[in-house]
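Here is the structure we will look at, set down as structure tokens.
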Amino acid sequence: MFALKNAALMVTMTEDSDLGVAMSTNALELSGSTSEEVSLYFYDRYVGGLGFAEKIYDLIPEILTSAVKMVSGCPCEDGCP
């Protein structure tokens, strides 16, 4: 989630205060599903929105690629602190 948020911030050229992200461990609370899905939600932190979440939706392939590069290049053996 954090790598994806950082990648989204870089791709959209926004700041941490512009964009929020939330994740459900499964989709039970949000959609009533009984599956073991994990859902990730990006949202604008401004009332009415400024279009950042919509832009992220359009650029998700680029954001995913950037996040994978960030994580795969990490030299930490047990994850970054």
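The values are calculated or read from the model by the stated rules, or taken from the named source; none is laboratory data. What you see is a predicted model, and the numbers here were worked out from it, not measured in a lab. No Cβ is skipped: glycine too gets one built from the backbone with ideal geometry, and neighbour counts run over all protein chains shown.
Worth pointing out:
- Residue ID - surrounded by the fewest Cβ atoms within 10 Å (Cβ to Cβ), chosen from residues in the stretch 3-41 that are at pLDDT below 85 and assigned to a helix (DSSP H, G or I): Glu29
- Scanning the stretch 44-58 for residues that are surrounded by 15 or more Cβ atoms within 10 Å (Cβ to Cβ) and of a type outside the set (Asp, Glu) gives Arg45, Phe52, Ala53, Lys55, Ile56.
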